[in-house]
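Taken together, the values in this text are just the output of simple stated rules run on the coordinates, not laboratory data. All values derive from a computational prediction rather than experimental measurement. Here Cβ is always computed from backbone atoms with ideal geometry, including for glycine, and neighbour counts include all displayed protein chains.
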Amino acid sequence: MDISVRDLQKVYVTHTGEEVVALQDVSAEVGSGEFVSLVGPSGCGKSTLLDIVSGLTQRSGGDVTIDGRGVSEGAATRHVGLIFQKPVLLPWRTTFENVYLPAQLGREPAGRGRGDALRQRARDLLELVELGPFAEKYPWELSGGMQQRVAIARALLLEARVMCMDEPFAALDEFTREQMHLELLNLWHAQGFTAIFVTHNIFEAVFLSDRVLVMTPRPGKVVAEVEVDLPRPRTSEMIGSDRFGENIRGVRSVMQEHWVA
Ligand SMILES: Nc1ncnc2c1ncn2[C@@H]1O[C@H](COP(=O)(O)OP(=O)(O)OP(=O)(O)O)[C@@H](O)[C@H]1O
Ligand SMILES: [Mg+2]
């Protein structure tokens, strides 16, 4: 599914009545099946943007369309999976029950046999993120990386065709993060979803993406984009290559240009 964001604005009203312009005229296009990263300074509105695309937050102005339909005019936001910075699992539910949760939240049309099919899909997804043997464990029995994989599997349960990921690997150690990158790319190749990935990590943005969108400090705007010039599939060996280094330098210089006043 493709996503189009045009002149998007978001003004929050704080509990003291003050207005905070979080996004001002943000425009961006993400093609169907494309993997795009979003980088920008803290507070520039990245999470706000993902929340609007996934239908969690109302916009104040502008348009967001998914496959040509507006998010408030019946766009398929139920096909949008959102992964938060923290795994946000329910501690009283097992791994399996956490992955199966969206099936029980009523966003899905019920149908005969649909529950069985989704239970099977939950099991398959757990295999895909290599957590099959942990299906009956509780979140507190899993490491941070494993919990985040549960959250990823959960976001994919209802066949998400768009995945919005908000710094999903920020809390992981370097080694686990690298493994997660490869797993995420495998999932992306296998499932073909459109990916929007928020990160502060330039290496991560370059390694994963087709394009990196750069935002300015608040009120956020997308000011530049950098095309990543690396072949697919991405491999760990690429990380040390000259070409990888050139891409990193490219993104870094664009960020410096726009972040430093
Ligand atoms: N519910 C809210 N009420 C008022 N202001 C808010 C609310 N949510 C976010 N903001 C403000 O909107 C701006 C953008 O916030 P947002 O969380 O989207 O930034 P971000 O780019 O995701 O930052 P970070 O990189 O730190 O996660 C910030 O200035 C924040 O204070
Ligand atoms: Mg954020």
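Computed over the alpha-carbon pairs of the range 87-160, the distance histogram in 10 Å steps reads 22, 57, 20, 1 percent, short to long.
When Thr95, Thr235, Thr199 are ordered from fewest to most other Cβ atoms inside 10 Å of their Cβ, what list results? Provide the component values of the computation, followed by the final result.
Values: Thr95 28, Thr235 13, Thr199 22.
Arranged by neighbour count, lowest to highest, Thr95, Thr235, Thr199 become Thr235, Thr199, Thr95.
What does the highest-first list of 243-256, 32-45 look like by mean Cβ count within 10 Å? Write down the numbers at each step before the final one.
Details: 243-256: 15.6, 32-45: 20.4.
Ranked from most to least packed, the peptides come out as 32-45, 243-256.
For the chain, adding -39500 (n - 2.57) for each run of n ≥ 4 DSSP H residues and dividing by the number of residues yields -10500 deg cm²/dmol at 222 nm. Straight-line cross-link partners of Lys46 among the lysines, defined as a Cα under 25 Å from its Cα and at least 8 positions apart when in the same chain: Lys10, Lys86, Lys221. Over the C-alpha trace of the chain, radius of gyration and Dmax come out as 18.5, 59 angstrom.
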